[in-house]
Structures are given as C-alpha cells and as structure tokens.
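Undergrad: Below you'll find the structure I mean.
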Amino acid sequence: MKLTSRSVSLPAMASAVLAAALGATLIVTGTASAATTLGAAAAQTGRYYGAAIAAGKLGDSTYTGIVNREFTMITAENEMKWDATEPNRGQFNYSNGDRVLNQALNNGKRVRGHALLWHQQQPGWAQGLSGSTLRSAAINHVTQVATHYKGKIYAWDVVNEAFADGSSGGRRDSNLQRTGNDWIEAAFRAARSADPNAKLCYNDYNTDGINAKSTGIYNMVRDFKSRGVPIDCVGLQSHLTNGPPGDYQANIKRFADLGVDVQITELDIAGSSQAGGYSTVTRACLAVPRCTGITVWGVRDSDSWRTGENPLLFDGSGNKKAAYNSVLDALNAGGTTVPGEPGTTTTTTTTTTTPPDPGTGDCTASVSLNAWNGGFVATVKVTAGSSALTGWKVTTSLPSGTAVTGSWSATGSGTTGTVVWTNVAYNGAVGAGQSTEFGFQGTGSGDGLSPICAAA
C-alpha cells in the first residue's frame, strides 16, 4: 500500500464545576490567543502534530523550514525500516536514520520509529529466509535497532500491516506470518526488552472504520492486554479520499477503551473535500482523550507518495492550503486533554500571564497553561522588544515534585527545579515587536511558572 515512498479564555466556572461533579473530562474550548502553528495548537490539549520526513530532502530549506516551524513529532519515512538499517545480515547501517533523528532532536522535536518489522521493504537476504531462521533474524533485528535508538524514540511501530484486507479479519500471509502466529507477540516482547520506555504500537491501513480488518486487530490488542503482552498504542494510517468513514471516532474510542493510545500515523487526504476531511479527522482525535497525536505522511504535495493527488497540507511550493487552515482552526477550537496517566480523570484550566511591554533590546515571555490531574502542557510565547532578537533564553521555576517530560522548539537545561530554555536554530531570530513560541509537557503542577525572558 505504501511501498518505498511512505511506509484563553478560562472555561466558564459553571462548566468546570459540572465537569468535576460528573467526573468527566473537561473540553478545552479556546485559548487566550490562538496558536499559529500546528504543533503549538495541538500541544494546547497535550497532543503532538507530526510529519514523516526523508533524509534526502533535509538540504531543501523550504522543506526543513516547514518541518522546523510546524511539527513537534517526526517520523523517518523509510530510513528506519529493515532494508535501510540491516542491508546485510548482522551488519547495521543507521546513518540516514540518525540524520532524521538528529534533525528532530536538535530542533526540539520527538521521534516516532517506523517500522521494525514489515512484510515489505525487507532486505533481500531476509526475503530468502524462512521458519526458525527467519524468526531468529527478525527478533535480532528488533533487538538491535531498538537498542541503538534506546531512550531517543517516543514510540515504535513495532509491527506494520500484518492483517489481511477483506472480510476474514485474519492475518496476512507473509514469510513472517509463516514463522508462527505468535511472531507479533515475540516482536513486541523483544522491543520492550530492548527499550522499556518507548511506546510500542501496532500500525495498519484500511482500519479507519469498524470493519473486519480493524476488528481483527482489535481482538489481537484485547488478547495482548489480557495476557500482559506489552502493547501501548494502535496506529491508524488514515490514507483517505475526501474524509474518514462515519464511524471513525467510534473506532478510535473502542481501541482507546482497551487501555491503549491511538495515534493517527500516516494521514493524507485527497479529493475535492480535502479541507473538510482534515477537519473531521482532527476533531475526531480531539474528542477522544487517548488519541494522542496526528502525523501527516509527508510535508508538501510534491513530497507525497500519492503522486498527482495533492493530499497534504502544503502545496509543492510550500504554501499553506485550505486544508492547513482547517486543521489549525480545529486544533485551536480545543478538545479533550490527553491524560497524564492512563485511566485518570482530567480537568483542564487554561491561564495566561501577561508581561509588561518589552524594552529595547530585550524580551518578555507569557505562558498559556493547560493542566489536568497530574500533568500539564505549557505554551510559552516569547515577544521581542523594540529591537530584534538574535537569540533568547527563558527561565522557568518548576514547583517541587514537577518534572518536564517533553518539549518542542526550545532546548531545556534540565527537567526539574529552575529550567533555562534557549532557542533552537530556527526560532532565535525574532523581529522587533514580533513573537515566537515554544512549549513543554510535564508531570505534577504547572502553577506559578512565571517565565522570565532575556535576550541572548
């Protein structure tokens, strides 16, 4: 299917009281000032907005400019797959995967790993193996690659596209499937052993609605959860035309109800109703607290594997399309907040501190805070004074017991206590009177951050 080219204003007090009384998740309905990028807008509810990128395009300044500005999660389009990382048995090559990883981490972004095992894009030597020999080679591959990237990957697509299309709801016939029906379980257990902190996902296409294929995957996940097989998330690829099926949100929710996160992993939408389709997908994810993020499969239409269909948010020249605006508007409209821990009930407030006018050659910072029981997302706006900035740093003081768990568009000096945030390469230059944003997510309380900005 994808082959080689893809694989605020405060909520009303009455609403807050009612939500608390009902034990419900409070829906964020707006912010003091709407976020201006996809990543910042998604972060208002604790979510990420990402893109799949290619190492070979990192020399394109228009391409990297969009990536650095808009997205908070990065997926390597092909560079972490089996044929790329182990071209010869036992000989590993991480050069292009590391290029994508470093591009992301150096610009304050997180990384989804894609994909450890897949019946496509296997190196020739693996295609020639079978039975226990292939099983051993596959598990070794999972172990070696996940170990190489240990501690640097937010989530892995451990197994990709292992279920058949059609009405059977069963597994796809492949050389991996013929090693035994427990091969997926074995891969997940190996990945957990190699990197205990990465989220482990199963990823597939044509699973957007409630159908035989998605139900087969649902039954596998339910079985895994009942037996303690480590699985943390399900990826819906969502390669769509015009929009998702009518039961898209219900399908997301039924997986979330199993106790796993749901991630939209490879979104692209072709057709005349593209903008509306993107809005519908975004709103469906925002409606389910455990739908934790969305990744579009490519940056510009000219980068898409769906040649000639123009299914992405930016045209070939890098201009924002109507679909981009529909996504940004949907994200800024708000939704449920991603919980800090599975099963916790969340309540959300949004507050903004307003600094005095910045002086000449200096800057000020304000924070918009979305908080729930046990965690928060802070979006910090840095505003230049009457002179332009060539760099900046923002100091935040975290309360006792609070720790940073992730950040974007800035580099932090630590995770607890007093944390100094400095600009990354693409957002240090801020024009006089202009602003830029960065953000971070944490556990504990985000109260009293009171960010202090200084030119650097």
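The values are calculated or read from the model by the stated rules, or taken from the named source; none is laboratory data. It should be emphasised that the depicted structure is a prediction, and the values quoted were computed from it without experimental measurement. Quick reminder, even Gly has a Cβ in these numbers, built from the backbone with ideal geometry, and neighbours come from all protein chains shown. Just so you know, the surface numbers come from the protein's heavy atoms only, side chains and all, with ligands and any DNA or RNA stripped out. Shrake-Rupley method; radii C 1.70, N 1.55, O 1.52, S 1.80 Å.
Undergrad: Any idea which of 94, 154, 149 is more than 21 Å from residue 295 (Cα to Cα) and modelled with pLDDT of 95 or more?
TA: Values: 154 fails: more than 21 Å from residue 295 (Cα to Cα); 149 fails: more than 21 Å from residue 295 (Cα to Cα).
From the options 94, 154, 149, the qualifying one is 94.
Undergrad: Pick out the one residue from 350, 336, 307 that is of a type in the set (Ser, Thr, Tyr), modelled with pLDDT of 90 or more and open to solvent by less than 50 Å² (accessible area, probe 1.4 Å). Break it down stepwise before answering.
TA: Details: 350 fails: modelled with pLDDT of 90 or more; 307 fails: open to solvent by less than 50 Å² (accessible area, probe 1.4 Å).
The conditions single out 336.
Undergrad: If you don't mind, there's one more thing I want to ask. Which of the residues that make up the range 243-258 are of a type outside the set (A, V, I, L, M), farther than 16 Å from residue 205 by Cα and assigned to a loop (DSSP other than H, G, I, E, B)?
TA: 246, 257
Undergrad: Scan (1) closer than 20 Å to residue 325 by Cα; (2) crowded, with 24+ Cβ neighbours inside 10 Å; (3) in contact with a Leu (Cβ under 8 Å, 6 or more places away or on another chain) for the single condition residue 263 breaks and write down its number.
TA: Failed condition: (1).
Undergrad: Separate question: Check off (1) modelled with pLDDT of 95 or more; (2) among the small types (Gly, Ala, Ser); (3) open to solvent by 50 Å² or more (accessible area, probe 1.4 Å) for residue 14 and give me the number that stays unchecked.
TA: Tallying (1) modelled with pLDDT of 95 or more; (2) among the small types (Gly, Ala, Ser); (3) open to solvent by 50 Å² or more (accessible area, probe 1.4 Å), residue 14 fails exactly one: (1).
Undergrad: In the range 52-82, how many are farther than 24 Å from residue 324 by Cα and surrounded by 17 or more Cβ atoms within 10 Å (Cβ to Cβ)? It would help to see each step written out before you state the result.
TA: Quick first cut of the range 52-82, residues farther than 24 Å from residue 324 by Cα only: 56, 78-82.
Right, trim to surrounded by 17 or more Cβ atoms within 10 Å (Cβ to Cβ) and you get 78-82.
So the answer is 5.
Undergrad: Would you point out which residue out of 228, 209 is farther than 20 Å from residue 313 by Cα, surrounded by fewer than 18 Cβ atoms within 10 Å (Cβ to Cβ) and in contact with an Asp or Glu (Cβ under 9 Å, 6 or more places away or on another chain)? Full working, then the answer.
TA: Numbers: 228 fails: in contact with an Asp or Glu (Cβ under 9 Å, 6 or more places away or on another chain).
The conditions single out 209.
Undergrad: If you go through the range 366-379 one residue at a time, do you hit one that is of a type in the set (Ser, Thr, Tyr), open to solvent by 40 Å² or more (accessible area, probe 1.4 Å), at pLDDT below 90 and closer than 20 Å to residue 294 by Cα? Give the steps one after another, and end with the answer.
TA: Going residue by residue through the range 366-379, those that are of a type in the set (Ser, Thr, Tyr) are 366, 368, 379.
Adding the requirement that they be open to solvent by 40 Å² or more (accessible area, probe 1.4 Å) leaves none.
No, because not a single residue in the range 366-379 is of a type in the set (Ser, Thr, Tyr), open to solvent by 40 Å² or more (accessible area, probe 1.4 Å), at pLDDT below 90 and closer than 20 Å to residue 294 by Cα.
Undergrad: While we're here: Give 45, 36 a once-over and let me know the one that is open to solvent by 60 Å² or more (accessible area, probe 1.4 Å) and part of a loop (DSSP other than H, G, I, E, B). Outline the logic, then answer.
TA: Working: 45 fails: open to solvent by 60 Å² or more (accessible area, probe 1.4 Å).
Only one candidate passes the filter, namely 36.
Undergrad: Kindly indicate the residue of the range 266-285 that is assigned to a loop (DSSP other than H, G, I, E, B) and at negative phi and also most open to solvent (accessible area, probe 1.4 Å) among those meeting that condition. Write out each step before concluding.
TA: Within the range 266-285, the subset assigned to a loop (DSSP other than H, G, I, E, B) is 271-273.
With at negative phi added as a condition, the list becomes 272-273.
Numbers: 272: 120, 273: 60 Å².
Among those residues, the one meeting the criterion is 272.
Undergrad: Determine whether the range 288-298 contains at least one residue that is surrounded by fewer than 22 Cβ atoms within 10 Å (Cβ to Cβ) and either under 20 Å from the mean Cα position of the chain (by Cα) or in a helix (DSSP H, G or I) (or both). Before the answer, list the steps.
TA: From the range 288-298, those surrounded by fewer than 22 Cβ atoms within 10 Å (Cβ to Cβ) are none; that's our starting set.
No, the range 288-298 has no match at all.
Undergrad: Here is a follow-up. Working only within the range 299-330, note down all residues that are out of contact with any Ser or Thr (no Cβ under 6 Å at 6 or more places or on another chain), in a helix (DSSP H, G or I) and under 27 Å from residue 261 (Cα atoms). Spell out the reasoning first.
TA: Restricting attention to the range 299-330, the residues satisfying the condition of being out of contact with any Ser or Thr (no Cβ under 6 Å at 6 or more places or on another chain) are 299-304, 306-310, 313-315, 317, 319-325, 328-329.
Now narrow it down to the ones that are in a helix (DSSP H, G or I): 301-303, 322-325, 328-329.
323, 324, 325, 328, 329, listed by residue number.
Undergrad: Answer yes or no as to whether residue 216 is in contact with a strand residue (DSSP E or B) (Cβ under 7 Å, 6 or more places away or on another chain) and either over 22 Å from residue 76 (Cα atoms) or at pLDDT below 95 (or both). Working first, answer last.
TA: Values: in contact with a strand residue (DSSP E or B) (Cβ under 7 Å, 6 or more places away or on another chain): yes; either over 22 Å from residue 76 (Cα atoms) or at pLDDT below 95 (or both): yes.
So residue 216 passes the test.
Undergrad: Follow-up question, since we're still on this one. Working only within the range 172-195, note down all residues that are within 26 Å of the chain's Cα centre (by Cα) and crowded, with 17+ Cβ neighbours inside 10 Å. Outline the logic, then answer.
TA: The initial filter retains those residues of the range 172-195 that are within 26 Å of the chain's Cα centre (by Cα), namely 184-195.
Answer for the range 172-195, where residues must be within 26 Å of the chain's Cα centre (by Cα) and crowded, with 17+ Cβ neighbours inside 10 Å: 184, 185, 186, 187, 188, 189, 190, 191, 192, 194, 195.
Undergrad: A further question follows. Would you tally the residues in the range 408-435 being out of contact with any Phe, Trp or Tyr (no Cβ under 8 Å at 6 or more places or on another chain), part of a strand (DSSP E or B) and closer than 19 Å to residue 43 by Cα?
TA: Summing the residues that are out of contact with any Phe, Trp or Tyr (no Cβ under 8 Å at 6 or more places or on another chain), part of a strand (DSSP E or B) and closer than 19 Å to residue 43 by Cα in the range 408-435 gives 1.
Undergrad: Is one or more of the residues making up the range 153-171 over 19 Å from residue 191 (Cα atoms) and buried (at least 21 other Cβ atoms within 10 Å of the Cβ)? Reasoning before the result, please.
TA: Taking the range 153-171 and keeping what is over 19 Å from residue 191 (Cα atoms), we get 163-171.
With buried (at least 21 other Cβ atoms within 10 Å of the Cβ) added as a condition, the list becomes 163.
Checking the range 153-171: at least one residue is over 19 Å from residue 191 (Cα atoms) and buried (at least 21 other Cβ atoms within 10 Å of the Cβ).
Undergrad: Same structure again: For the range 439-456, which positions are in a strand (DSSP E or B) and either more than 12 Å from residue 380 (Cα to Cα) or open to solvent by less than 40 Å² (accessible area, probe 1.4 Å) (or both)? Give the derivation first.
TA: Step one: list which residues in the range 439-456 are in a strand (DSSP E or B), which gives 439-443, 452-455.
Hits for the range 439-456 are 439, 440, 441, 442, 443, 453, 454, 455.
Undergrad: Conditions first: (1) surrounded by 17 or more Cβ atoms within 10 Å (Cβ to Cβ); (2) over 24 Å from the mean Cα position of the chain (by Cα); (3) farther than 25 Å from residue 178 by Cα. Residue 93 passes all but one, so which condition is the exception?
TA: The one condition residue 93 does not meet is (1).
Undergrad: Considering only the range 286-326, state which residues are of a type in the set (A, V, I, L, M, F, W, C) and closer than 26 Å to residue 253 by Cβ. Break it down stepwise before answering.
TA: Pass one, the range 286-326, residues of a type in the set (A, V, I, L, M, F, W, C): 286-288, 291, 294, 296-297, 299, 305, 312-314, 322-323.
Scanning the range 286-326 gives 286, 287, 288, 291, 294, 296, 297, 313, 323.
Undergrad: Here's a follow-up. Taking residue 208 and the conditions (1) closer than 12 Å to residue 255 by Cα; (2) part of a helix (DSSP H, G or I), which numbered condition does it fall short on, given that it satisfies the others?
TA: With respect to (1) closer than 12 Å to residue 255 by Cα; (2) part of a helix (DSSP H, G or I), residue 208 is out only on (2).
Undergrad: Here is a further query. Could you check, for the range 385-405, whether at least one of its residues is open to solvent by 30 Å² or more (accessible area, probe 1.4 Å), at pLDDT below 90 and under 17 Å from residue 40 (Cα atoms)?
TA: Checked the range 385-405: at least one residue is open to solvent by 30 Å² or more (accessible area, probe 1.4 Å), at pLDDT below 90 and under 17 Å from residue 40 (Cα atoms).
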